[in-house]
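*Asks:* Starting off with a structure, shown below.
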Number of protein chains: 2
Amino acid sequence: MVHMEASSNLGSSAGRKHVVIVGAGFGGLWCAQGLRPSKLKGADLEITIVDQHNYHLFQPLLYQVATAALSPADIAAPIRNIVRGQQNARVLLDEVIGVDRRAKRVQLASGDTLDYDRLVLATGVRHAYFGHDEWAEFAPGLKTIDDATRIRRHVLLAFEQAEVERDPARRAALLTFAVVGAGPTGVEMAGAIAELARHAIVGDFRTIQPSSARIMLLEAGPRALPAFRDSLSQEAARSLATLGVELRTGAKVEAIDAESLTINGERVPCRTTIWAAGVRASPAASWLGVAGDRNGRVPVNDHLHPDGIDDVYVIGDTAAVLAPDGSFVPGIAPAAKQMGSWVAREIAAWATGGPAPWPFHYKHQGSLATIGRKSAVVDFGRMHFSGFIAWVLWCVVHVFFLIGFRNRLVVAWNWLWQYLTFQRGARLITGNDRQDS
Amino acid sequence: MVHMEASSNLGSSAGRKHVVIVGAGFGGLWCAQGLRPSKLKGADLEITIVDQHNYHLFQPLLYQVATAALSPADIAAPIRNIVRGQQNARVLLDEVIGVDRRAKRVQLASGDTLDYDRLVLATGVRHAYFGHDEWAEFAPGLKTIDDATRIRRHVLLAFEQAEVERDPARRAALLTFAVVGAGPTGVEMAGAIAELARHAIVGDFRTIQPSSARIMLLEAGPRALPAFRDSLSQEAARSLATLGVELRTGAKVEAIDAESLTINGERVPCRTTIWAAGVRASPAASWLGVAGDRNGRVPVNDHLHPDGIDDVYVIGDTAAVLAPDGSFVPGIAPAAKQMGSWVAREIAAWATGGPAPWPFHYKHQGSLATIGRKSAVVDFGRMHFSGFIAWVLWCVVHVFFLIGFRNRLVVAWNWLWQYLTFQRGARLITGNDRQDS
């Protein structure tokens, strides 16, 4: 990404301990902020944050960018700006391509290298197609801003194309949208597409009725939102039905191409398929030369080290961490933040010679998912509920956790506006229109 | 853009008169809105608006997208949504590639055709490089949202690359920004880059001082803002100097490549050049088979027809219209709106059999340009002033003319936030990062 005449070692200044954090998602950023000078009792530590993007992305709201409700900048903040006041931290826009554990050195795509004393890998996940990588072209997943604007373009173009299509079968295929995977992202995406078709654009076309669009949510398992208790899954299914989303459980997707997808042997003409079914960890395991689990995650112990590699931490979605109940810690933002903060405390203890923290212990705070306008499900363990109050809570929590006061206000304003008017603020077809059409 | 099995004629319903408007900028949109049923006294008219984008763009603020102050969606609104209530208007996302005057038929890139009774061409301009098309690659212009996000990416990446560049000469070239052309767009762009470097990102880097960036504004003529009176040009030059923008008049750009530009024989290493120097009309003249003027504009008479083609109107930046004082009507939004409204009145008169309006007569309402934060120049003829009050007026006027209540509030909020904090809300490097780096 960054071109240089000759490669340089961008290690720390002479004598200072150097912490390299790869990835500025929730895990990496919380770790960096936990290592600000006020937490270090005078210990001299240099922190380098490497990310392939210049922004921290609030991924839980990315589906709202993909469905034209928010602008990319509403849910992203420049990493440099977040840590601008933290003088011991610097930010590099670059991509990690390997780790030399013996030399304690990170290899960057630009050709530069970074020597570390402690390395924190918080590089997240990408979508995975269970051995069907050829589906990626027809069923984009949703992990980056470019993914989101690509999906937005595709969804909006489908309505445009349907408007001038005279053949009824082709028009029906253009107005059929499939979301594969009924976890929170899939449920939220299907609900948002339904809202778009049934409300936001409903009066804007002359030939088609956008509200006649067919929105399918396909889940291989027996129910939507499998991470939630059964009663909330049922509640979500009812809300989806109200929105006119066709939830199909036990639906095995067997083929996807530009024109259709095949579900349990049945071929359904469908011009827009969105993938929310599975993820695969970044290549951290192969950088470290350890065996990943079946999703490519790096198994770590209760100090968030891969066994035997005590100067490297793996956190967030990239790590496979056992929770106290024997399950794995889920790949959600609060878990990544807890790991990032915990690693910061352990590194601070190492740097200052203070007492090490207790081993990492994940505390599950709850699960939330929204289903379109005015409906959500909330599962806080003993407390769990759904409906309008859950939806308000969902909005408040998401605005509260957004980084940057400006973003919070803009998002809150956009939501209020949409709630009152049913309109969407970011219905732009940008980028190479021809590419996806 | 829109693929169809066989090409269709998308002409009007049987017997209804059909107006085709090409381009949904200020001219086309004002024309369409002037033909809403309430203006037609019962006359039955069908209107088709064709645009290659799905949004109307408020171009006067595009430079703020290019400099990370606003998001694309803040200054764009879906065309369909703007005319959703106007039942006699429909919108096609398509591109015009030709006009058959004899058959009264428009040829679209999709293969479809549109028969018209009246045709309004409002297709605007693109940047032009005075016979140096090879400069387009190195000195992007600013006419579309994709142009703006490309420039934003390039400008933000230049700072990122400078941060890791050790060679002082290369670092200096990365921190040199040239804007070619000191009309309002060039002045506003140079001022906005200066604000970005001197304020918004100033504390975010560790190696470089963004405030040391060199920002050059190059003008071939003798002064900045040649369309304004001389005293305001001088005021603008002073404001630019205060911002640290190096204004060079009489500067003839002789060569541009990825690494430098050559001005009056001097080669200046410079990694970011932005083109604001010249425009060329869309190919409307060649579609009609008439001779364009030297900027490709279609000469039209005081009924906005090319001579002898009475069923076609050419309006906005694409038209060369003589103003009462013998000069040409400037290529600005108010002029396009006046032409669009005038054509709507004439078409309504034709459709209803009412009296034709007086010939088109351009009223110049004034010229405004802003120079960074808190400074602007305003020229209303007898009334003309500059400074803070001019800047407040500039803000009010631009927010007022933005289409869509939501956009107005979001832009006003963003500006207030930036004014108070010096921060930018849309500092995202998106798209293909590698392409431009």
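The values are calculated or read from the model by the stated rules, or taken from the named source; none is laboratory data. Please read these numbers as outputs of a predicted model, since none were measured by experiment. So basically every Cβ, Gly included, is an ideal-geometry build from the backbone, and we count neighbours across all protein chains shown. Quick note on the areas: whole protein, heavy atoms, side chains included, nothing else; ligands and nucleic acids left out. Shrake-Rupley method; radii C 1.70, N 1.55, O 1.52, S 1.80 Å.
*Asks:* Looking at the protein assembly as shown only, what percent of DSSP beta bridges run antiparallel? Nearest 5 please.
*Replies:* Looking only at bridges with both residues in the protein assembly as shown, the antiparallel portion is about 45 percent.
*Asks:* Something else about it: Is it possible to state the helix-based mean residue ellipticity at 222 nm for the protein assembly as shown, with each DSSP H run of 4+ residues giving -39500 (n - 2.57), the sum divided by total residues, to the nearest 500 deg cm²/dmol? What is it?
*Replies:* Taking each H run of at least 4 residues, the total per residue is -9000 deg cm²/dmol.
*Asks:* Take residue B:325 and residue B:392, extend 7 Å from each Cα along the Cα→Cβ direction, and tell me the distance between the two endpoints in nm.
*Replies:* Modelled inter-label distance: 2.9 nm.
*Asks:* Name the residue from B:358, B:388, B:375 whose Cα lies farthest towards the positive end of the charge dipole of the protein assembly as shown, charges +1 on Cβ of Lys and Arg and -1 on Cβ of Asp and Glu.
*Replies:* My answer, from the dipole projection, is B:388.
*Asks:* Still on this model: List the distances, in nm and shortest first, from the label point of residue B:134 to the matching label points in every other copy, placing each point 7 Å from Cα along the Cα-to-Cβ direction.
*Replies:* With the label placed 7 Å along Cα→Cβ, residue B:134 yields 4.4 nm.
*Asks:* Output the 0 to 90 degree angle, nearest 10, between the alpha-carbon long axis of helix B:145-164 and the longest principal axis computed from the alpha carbons of chain B.
*Replies:* Here the helix axis deviates by roughly 10 degrees.
*Asks:* If one takes the longest principal axis of the Cα atoms in chain A, at what angle in degrees, from 0 to 90 and to the nearest 10, does the Cα axis of helix A:388-401 lie?
*Replies:* Orientation of helix A:388-401: about 40 degrees from the principal axis.
*Asks:* Which of the three applies to the stretch A:26-153, rounded, prolate or oblate, going by the alpha-carbon gyration tensor with a ≥ b ≥ c and a/c under 1.5 meaning rounded?
*Replies:* Oblate.
*Asks:* Kindly give the distances from residue B:278 to its copy-mates, label point to label point, with each label point 7 Å from Cα along Cα→Cβ, as nm values to one decimal ordered shortest first.
*Replies:* So the label point of residue B:278 gives 5.7 nm to the other copies.
*Asks:* So, one more: In the full protein assembly as shown, how much of residue A:342 is accessible to a 1.4 Å probe, in Å² to the nearest 10?
*Replies:* 10
*Asks:* What does the copy distance list look like for residue A:293, label position 7 Å along Cα→Cβ, in nm and ordered from shortest?
*Replies:* 7.0
*Asks:* Fully extended, how many nm does the chain gain between residue B:408 and residue B:41 (0.36 nm per residue separation, minus their Cα-Cα distance)?
*Replies:* 128.9 nm
*Asks:* What Kirkwood Rh does chain A have if only Cα atoms enter the pairwise 1/r average? Answer in Å.
*Replies:* Details: mean 1/r = 0.0437 Å⁻¹.
It is 22.9 Å.
*Asks:* Given the stretch A:16-131, what percent of its DSSP beta bridges are antiparallel, to the nearest 5?
*Replies:* Close to 40 percent.
*Asks:* Looking at the stretch B:129-277, what % of its DSSP beta bridges pair antiparallel, to the nearest 5?
*Replies:* Among the beta bridges of the stretch B:129-277, antiparallel pairing accounts for roughly 35 percent.
*Asks:* Considering only protein heavy atoms and a 1.4 Å probe, what is the carbon-and-sulfur percentage of the accessible area of the protein assembly as shown? If you can, show how the numbers build up before the last one.
*Replies:* Values: 18220 of 33860 Å².
Carbon-and-sulfur percentage of accessible area, whole number: 54.
*Asks:* Report the full-extension gain for the segment residue B:421 to residue B:358: residue separation times 0.36 nm, less the Cα-Cα distance, to one decimal in nm.
*Replies:* 17.6 nm
*Asks:* Then there is this: Taking the full set of protein chains and a 1.4 angstrom probe, give the accessible area of residue A:368 in square angstrom, rounded to the nearest 10.
*Replies:* Approximately 40 Å² for this residue.
*Asks:* Calculate, for residue A:257 and residue B:231, the FRET efficiency according to 1/(1 + (r/R0)^6) with r their C-beta to C-beta distance and R0 60 Å; round to the nearest 0.05.
*Replies:* Efficiency, from the Cβ-Cβ distance: 0.35.
*Asks:* Another one. Say R0 is 51 Å: what FRET efficiency, to the nearest 0.05, do residue A:349 and residue A:132 get from their beta-carbon distance? Can you show the working numbers first?
*Replies:* Values: r = 45 Å, r/R0 = 0.89.
Using R0 = 51 Å, I get an efficiency of 0.65.
*Asks:* Taking the solvent-accessible surface of protein heavy atoms with a 1.4 Å probe, what is the per residue accessible area of the stretch A:319-413 in Å²?
*Replies:* 48
*Asks:* All other residues with a Cβ under 13 Å from the Cβ of residue A:317 taken together, and with Lys, Arg as +1 and Asp, Glu as -1, what is their net charge?
*Replies:* Overall, the nearby charge balance is +4.
*Asks:* Round to the nearest 10 and report in Å² the accessible area of residue A:364, as given by a 1.4 Å probe over the protein chains' heavy atoms.
*Replies:* 100
*Asks:* As a test of the definition: with a 1.4 Å probe, what buried accessible area, both sides summed, do you compute for A against B, in Å² to the nearest 100?
*Replies:* When A and B are taken together, about 5600 Å² of accessible area is lost.
*Asks:* Just to verify a number: FRET efficiency for residue A:267 and residue B:86, C-beta to C-beta distance, R0 = 35 Å, to 0.05? Write down the numbers at each step before the final one.
*Replies:* Values: r = 40 Å, r/R0 = 1.15.
It comes out at approximately 0.30.
*Asks:* Let me ask another. Return the whole-Å distance between the Cα centroid of the stretch B:13-84 and the Cα centroid of the stretch B:106-165.
*Replies:* 19
*Asks:* Now for a different question. How many angstrom lie between the C-alpha centres of the stretch A:184-246 and the stretch A:329-344?
*Replies:* Taking the Cα centre of each part, the stretch A:184-246 and the stretch A:329-344 sit 30 Å apart.
*Asks:* Hey, if you put +1 on the Cβ of every Lys and Arg and -1 on every Asp and Glu Cβ in chain A, which of A:151, A:67, A:50 ends up farthest toward the positive end of that dipole?
*Replies:* Among A:151, A:67, A:50, the one farthest towards the positive end of the dipole of chain A is A:67.
*Asks:* Follow-up. Give the cross-link partners of residue A:17 among the lysines, using a straight C-alpha distance below 22 Å as the criterion and excluding same-chain residues fewer than 8 apart.
*Replies:* Those lysines meeting the cut-off are A:39, A:41, A:104.
*Asks:* Determine the residues within the stretch A:55-91 where the difference in accessible area between the chain on its own and the full set of protein chains amounts to at least 30 Å²; count protein heavy atoms only and use a 1.4 Å probe.
*Replies:* Residues of the stretch A:55-91 that lose at least 30 Å² of accessible area once the other chains are added: A:55, A:71, A:73, A:78, A:80, A:81, A:84.
*Asks:* Excluding residue B:120 itself, what net charge comes from residues whose Cβ is under 12 Å from its Cβ, given Lys and Arg +1 and Asp and Glu -1?
*Replies:* Neighbour charge sum, excluding residue B:120 itself: -2.
*Asks:* Further, regarding this structure: Hey, what angle do you get for helix A:230-242 against the long axis of chain A, alpha-carbon based, 0 to 90 degrees rounded to 10?
*Replies:* For helix A:230-242, the angle is close to 40 degrees.
*Asks:* Measure off 7 Å from each Cα along the Cα-to-Cβ vector at residue A:9 and residue A:167, then give the distance between these two points in nanometres to one decimal.
*Replies:* Between residue A:9 and residue A:167, the simple spin-label model gives 6.3 nm.
*Asks:* For the rotation that superimposes chain A on chain B, which residue of A has the C-beta lying nearest to the axis, and at what distance in Å?
*Replies:* Output: A:71, 2.
*Asks:* Using the heavy atoms of the protein chains and a 1.4 angstrom probe, tell me the accessible area per residue for the stretch B:129-277 in square angstrom.
*Replies:* Per-residue accessible area for the stretch B:129-277 comes out at 36 Å².
*Asks:* Determine the shape class of the protein assembly as shown: with a ≥ b ≥ c the square roots of the Cα gyration tensor eigenvalues, call it rounded for a/c under 1.5, and otherwise prolate if a/b is greater than b/c, oblate otherwise. Kindly include the intermediate steps, with their values, before the conclusion.
*Replies:* On the way: a/c = 2.15, a/b = 1.31, b/c = 1.64.
Cα axes put the protein assembly as shown in the oblate bin.
*Asks:* Oh, and also: Considering only DSSP states other than H, G, I, E and B, which GluC sites (Glu not before Pro) in the stretch A:1-102 qualify as loop sites with at most 16 other Cβ atoms within 10 Å?
*Replies:* A:5
*Asks:* log10 I(q)/I(0), Debye, Cα-only the stretch A:131-277, no solvent, q = 0.09, 0.14, 0.17 Å⁻¹?
*Replies:* These q points yield log10 I(q)/I(0) values of -0.26, -0.64, -0.94.
*Asks:* Let's see if you can work this out: charge +1 on each Lys and Arg Cβ, -1 on each Asp and Glu Cβ, no other charges. What is the dipole magnitude of the stretch A:131-277 about its Cα centre, in debye to the nearest 20?
*Replies:* Magnitude of the dipole: close to 340 debye.
*Asks:* If Lys and Arg each add +1 and Asp and Glu each add -1, what is the summed charge of the other residues whose beta carbon sits under 12 Å from the beta carbon of residue B:216?
*Replies:* After counting each charged neighbour, the total is -1.
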